[in-house]
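Q: After the structure tokens below, expect a handful of questions from me.
The values are calculated or read from the model by the stated rules, or taken from the named source; none is laboratory data. Computed from a predicted model, the values in this text were never measured in an experiment. Neighbour counts are summed over all protein chains in view; Cβ atoms, including those assigned to glycine, are modelled from backbone coordinates with ideal geometry.
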Amino acid sequence: MDLTQGTQEEKRARSKKMMLWFGIGSLIMSFAGLISAFIVSRKREDWLNDFQLPNAFIISVVVILVSSFTFILAKRALRQNNRQMVTVWLLATLVLGVAFVYNQFVGFGQIIEAGYNFTGPTSNVTISFIYLIAIVHIAHVIAGLICIVVVIYNHFKQKYNSNNMLGFELAVNFWHFVDVLWLVLFLFLYFFRYII
């Protein structure tokens, strides 16, 4: 398809979608760099081979996957112009996103209770990497939560309908990305100790 064809509005929509995908591509490369550094660092003498991810991280996987589902339901309701259900599912997505961040910090507390801090004499390179990866991901989840708040605001201003969903769709796509990213990161961190 020729990207130069179509109305001005169609061109603007394509460019915004493309910018989102370029941004997601750069984020994937950033996290790939963190994962590569994690893998390379396992050869260090102080590497911790028997670390356990906190239970709160497992709960956060479930929470964030459910939040993707609620966002899908919000999008479906918007296509049907069911404003009341759009509101319900958007607010559910927001609450679940906040619950995800909360569970991440509960997980940090569980790591500290196990005797490991991010830095200092009770730190360990393995756990410091886990902190770093989780914190960088939380920053992107917070960006996603800001997007959701903007979508909720625009929804209440009646900006979206079944014929005008661009901003809504961009937020959905970014949210799905951060959700899948956490699932991949969690599975990597969980199973990495079994393959080294």
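Here's the yes/no breakdown for (1) surrounded by 15 or more Cβ atoms within 10 Å (Cβ to Cβ); (2) β-branched (Val, Ile, Thr); (3) at pLDDT below 95:
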residue: Gln52; (1), (2), (3): no, no, yes
residue: Ser60; (1), (2), (3): yes, no, no
residue: Val63; (1), (2), (3): yes, yes, no
residue: Ser67; (1), (2), (3): yes, no, no
residue: Leu73; (1), (2), (3): yes, no, no
residue: Asn81; (1), (2), (3): no, no, yes
residue: Val86; (1), (2), (3): yes, yes, no
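Q: Does Ile138 satisfy the criteria of being free of Cβ contacts under 8 Å to residues at least 40 places away in the same chain and surrounded by fewer than 20 Cβ atoms within 10 Å (Cβ to Cβ)?
A: Yes.
Q: Within the range 94-109, can you find the residues that are under 16 Å from Phe51 (Cα atoms) and surrounded by 16 or more Cβ atoms within 10 Å (Cβ to Cβ)?
A: Gly107, Phe108
Q: With the checklist (1) in a helix (DSSP H, G or I); (2) over 22 Å from the mean Cα position of the chain (by Cα) in hand, flag the one item Ile152 doesn't pass.
A: For Ile152, the exception is condition (2).
Listed here are the residues, each with its yes/no results for (1) exposed (fewer than 14 other Cβ atoms within 10 Å of the Cβ); (2) more than 21 Å from Arg79 (Cβ to Cβ); (3) at pLDDT 90 or above.
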site	(1), (2), (3)
Pro121	yes, yes, no
Ile148	no, no, yes
Asn163	yes, no, no
Trp182	no, yes, yes
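Q: For the range 156-182, name all the residues that are more than 12 Å from Leu65 (Cβ to Cβ) and either not in a helix (DSSP H, G or I) or not hydrophobic (A, V, I, L, M, F, W, C) (or both).
A: Those that are more than 12 Å from Leu65 (Cβ to Cβ) and either not in a helix (DSSP H, G or I) or not hydrophobic (A, V, I, L, M, F, W, C) (or both): Lys157, Gln158, Lys159, Tyr160, Asn161, Ser162, Asn163, Asn164, Met165, Gly167, Glu169, Asn173.
Q: Quick one: which of Thr126, Thr122 is farther than 30 Å from Lys159 by Cβ, hydroxyl-bearing (Ser, Thr, Tyr) and without any contact (Cβ under 8 Å) to a residue 12 or more places away in the chain? Can you show your working first?
A: Numbers: Thr126 fails: without any contact (Cβ under 8 Å) to a residue 12 or more places away in the chain.
So the residue among Thr126, Thr122 that is farther than 30 Å from Lys159 by Cβ, hydroxyl-bearing (Ser, Thr, Tyr) and without any contact (Cβ under 8 Å) to a residue 12 or more places away in the chain is Thr122.
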